[in-house]
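For reference, the structure discussed in these notes is given below.
Any read-out appearing in this document is the output of simple, stated calculations on the displayed coordinates, not a laboratory observation. Keep in mind that this is a model prediction, so the values were computed, not measured. Cβ placement follows ideal geometry from the backbone for every residue including glycine, while neighbour counts extend to all protein chains displayed.
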Amino acid sequence: MAAFGSFALLIALALAAYNLFAGVIALRLIATGQSARISPERLADTARRAGIAGFVAVTAAAFALVWSVFNNDFSITYIMEHSNRALPAPYKFAALWSGQEGSLLLWAWLLGAYGFVLRLLHKTDVKLYAYAGTILAGVQLFFLSVVNFAAPPFSLLKGALPDDGNGLNPLLQYPEMVIHPPMLYLGYVGFTIPFAFALGALMMRYPGEKWIRITRGWTMVTWLFLTMGIFLGMHWAYAVLGWGGYWGWDPVENASFMPWLTGTAFLHSVMMQERKGMMKSWNVWLIFSTFILSILGTLLTRGGLVSSVHAFAQSSIGDWFVAFLVIVLAVCIFTYILQRSHLKSEQRLESLVSRESSFLFNNLVLLAACFVILWGTLFPILSEYVQGTKVTVGPPFYNRVAIPIGLFLLFLTGVGPLLPWRSTSLRAIRRNFVVPSIALWATVIVCLAVGARPWKDGVFDTGNFYALVAFGLSAGVFTAILSEFLRGAGVIARQTRRNLFSAMYLLTRRNTRRYGGYIIHIGVVIVVVGLAGAAFNRSQESELGLNSTMAIGPYTLKCVGFTQDSNLNYDSEYALLDIYQNGKKQFQMTPEKRVYLASQQPQTMVAIHSVLSWDLYVVYEGTNPDTGQPIIKAFLNPLVSWIWAGVVFMVIGTFVALVPSLVPATASLRVPASLGAPTEPALRGGD
């Protein structure tokens with residue numbers, strides 16, 4: 001299978017090269033009107049077919065690697081390093097992306113899959129799709145060159161064939177690792193599609209609004225995959241690493257977050273271009289930056305430039321990615337300079353108090369957050385290059401800067417829906433902000449009453465203060481969004497005599513993009529509430545002998561046993577803990593510590609009990625060598641389940657926004673606009 005896989009990758013490389021060069025020649029002939037022995041259209045079609053065939057070849061290579069893993073072919077170095085005979089089947093499949101070579105092959109396969117779909121849809125707009133397909137072939141050529149020459153996944157092991165492999169990294173032997181990396185890669189790789197369309201449209205001076213409409217679905221699906229990948233990674237870190245948290249501003253976490261920020265900014269600002277013909281250059285560079293940051297994240301993860309639990313070992317492929325980034329940036333800058341006259345805005349910003357300005361400020365805040373994270377991530381690399389000493393940047397830096405930025409962004413999320421396009425009056429602003437403001441201050445008062453105060457032990461605490469602000473803002477934003485739903489649904493209910501819930505459903509279906517976006521914003525609000533709860537985390541650590549107890553919050557943990565177990569894959573130690581609340585036993589928890597036999601690496605298996613108010617999070621930290629008794633650390637983490645619930649709303653909102661609206665933008669049904677402005681279609685597809 002190794003020879004078959006290597007041959008398939010070489011075929012895929014040759015097809016990608018033909019796709020690129022034949023596509024470039026065909027587009028050049030079409031642009032200049034030159035004659036040739038073969039028609040440019042025919043040449044472009046052969047390039048498109050080569051791209052489709054390339055996907056088949058990469059699929060064959062990926063299948064060969066997975067087949068070899070399941071058949072324990074330890075003659076292949078990659079499989080020997082990342083699998084073993086006792087590895088459960090789901091994790092054998094996950095071995096495809098558990099190492100550097102396999103993950104790059106997965107990247108190439110996903111890129112081929114995206115390209116396959118794109119090329120099947122080429123009849124929508126043949127020339128634009130030809131440009132996008134050719135640019136996509138250039139990116140594919142790079143990744144296939146890497147997996148053929150720099151990081152080949154089918155390299156054969158030198159020397160005697162081992163009886164068993166080293167096994168999969170214990171940190172990856174968790175159910176979510178079967179889906180988290182593919183989701184993340186689907187996001188990373190997927191941004192290549194809008195990038196290819198944006199660059200191709202700029203090269204051919206294609207109308208900006210048209211290419212944005214074509215790529216809107218691509219971008220939203222990609223953004224959704226990246227969102228799910230990031231939050232699955234957060235849940236993995238929370239459930240596996242055993243430190244009680246879910247986001248540590250790790251460099252690789254940051255690498256996934258940065259393109260999410262710029263991608264989010266792009267999805268907001270394209271509305272300005274579609275509706276007003278504004279921010280054309282801005283939007284082009286947002287999608288260029290998103291793609292570049294995706295590649296930079298891959299470089300950080302695989303080049304060994306940063307220290308991270310998520311990163312791969314030091315590797316020479318970093319030079320390949322640096323060269324590719326330079327080429328991409330040079331092409332983007334050259335094309336932009338050449339075609340910048342095509343990107344002039346058709347209108348100007350008329351008022352700072354308008355929906356246009358809220359989009360602009362939203363973009364600026366997202367980019368400010370991205371810059372802060374980029375600076376903090378790259379600072380250790382830059383400091384080592386300049387001073388010869390690596391100076392690390394920890395969570396306090398990010399929290400000090402990113403949290404205020406995030407709170408301001410949350411504020412804008414609530415303000416935007418209350419502002420009409422163009423401009424508004426001060427009287428209308430006061431009227432529309434009354435209810436959200438009441439909700440904000442009422443929430444602050446309730447939080448103070450129940451003990452969520454901006455000080456700890458009599459001293460002002462920044463974390464508690466920010467949490468209080470987040471709770472208040474979240475209530476105000478949620479109220480503002482809900483008022484938008486109720487306002488429109490109320491008009492529909494009166495005009496159609498439906499009940500309010502039916503009217504709200506009809507309202508959403510008639511402008512899925514707008515109200516799907518509002519559902520996403522509700523999800524963001526819920527996530528922020530969950531994140532704010534971290535300010536009130538508590539922890540307790542104790543050595544628990546048989547029948548010993550430990551109290552944390554409303555719970556009492558009683559150790560009723562500790563034992564050992566083993567199977568073909570790992571040995572384990574775990575404690576049996578009865579959990580009491582108000583003197584009554586409620587449930588049992590079994591935190592565990594494993595040592596995997598193939599790698600002899602330890603792994604913590606956290607026990608978590610979640611309710612709406614908090615998580616009881618229990619870690620088995622090992623045994624005291626003197627007494628042989630288990631050491632237990634327990635955390636009480638408020639509102640963590642709100643984070644995962646918020647993600648569900650974000651996913652639902654994205655699906656709603658992707659569904660076509662029931663009526664065209666010129667719908668006859670009209671509702672009052674926000675802030676008492678003249679009436680407008682409630683359900684415009686462009687909002």
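Over the range 1-168, what is the relative contact order in percent, taking alpha-carbon pairs closer than 8 angstrom and at least six residues apart? Reported as a whole number, the value is 35 percent.
Here K158 is the anchor, and the aspartates and glutamates within straight C-alpha reach of less than 18 Å, apart from those fewer than 8 places off in the same chain, are D73, E81, E101. Altogether, the Stokes-Einstein calculation at 10 °C and 1.306 mPa s, with the Kirkwood radius of the range 537-640 over Cα pairs as Rh, returns a diffusion coefficient of 113 µm²/s.
Each of R431, R216 was scored by other Cβ atoms within 10 Å of its Cβ. Arranged with the fewest first, they read R431, R216.
With 22 Å as the limit on Cα-Cα distance, the pairs of K123/K210; K558/K593; K123/K276 that go past it are K123/K276. Ranking of R205, R510, R275, R355 by neighbouring Cβ atoms within 10 Å, starting from the fewest: R205, R275, R510, R355. When peptides 583-589, 187-193, 405-411 are sorted by average Cβ neighbour count within 10 Å, with the highest value leading, the order is 187-193, 405-411, 583-589. Positive contributions from Lys and Arg (+1) and negative ones from Asp and Glu (-1), summed over other residues with Cβ under 15 Å from the Cβ of G451, come out at +1. Over the chain, Cα pairs under 8 Å with separation of 6+ residues give a relative contact order of 10 percent. Taking a sphere under 10 Å around the Cβ of G242 and counting the other residues whose Cβ falls inside, with K and R at +1 and D and E at -1, yields a net charge of +1.
Distance from the alpha carbon centroid of the range 366-420 to that of the range 64-79 works out to 42 angstrom.
By a straight-distance test (C-alpha under 16 Å), which aspartates and glutamates pair with K344 as possible cross-link partners, with residues fewer than eight away in the same chain excluded? Reachable aspartates and glutamates: E209, E274. Taking the Cα atoms of the range 143-291, the ratio Rg/Rh between the radius of gyration and the Kirkwood radius comes to 1.10.
What you get for the chain, charging only the Cβ of Lys and Arg (+1) and of Asp and Glu (-1), is a dipole of about 3400 debye around the Cα centre.
When E41, E484 are arranged by Cβ crowding within 10 Å, least crowded first, meaning fewest neighbours, the order is E41, E484. Across every pair of non-identical alpha carbons in the range 1-168, the mean reciprocal distance, once inverted, gives a Kirkwood radius of 16.8 Å. Rounded to the nearest 20 debye, the dipole magnitude of the range 1-168 is 660 debye, with +1 charges on Lys and Arg beta carbons, -1 on Asp and Glu beta carbons, and the Cα centre as origin.
Calculated [222 nm] ellipticity per residue, helices only, for the chain: -20500 deg cm²/dmol; basis is -39500 (n - 2.57) per DSSP H run with n ≥ 4, divided by all residues, nearest 500.
Stretched out straight at 0.36 nm per residue, the stretch from A442 to Q387 would grow longer than its current Cα-Cα span by 14.6 nm. Summing charges over all other residues whose Cβ lies under 15 Å from the Cβ of L118, with Lys and Arg as +1 and Asp and Glu as -1, gives +4.
Bridgeable lysines around K456 (alpha carbons under 24 Å apart, same-chain partners fewer than 8 residues away excluded): K633.
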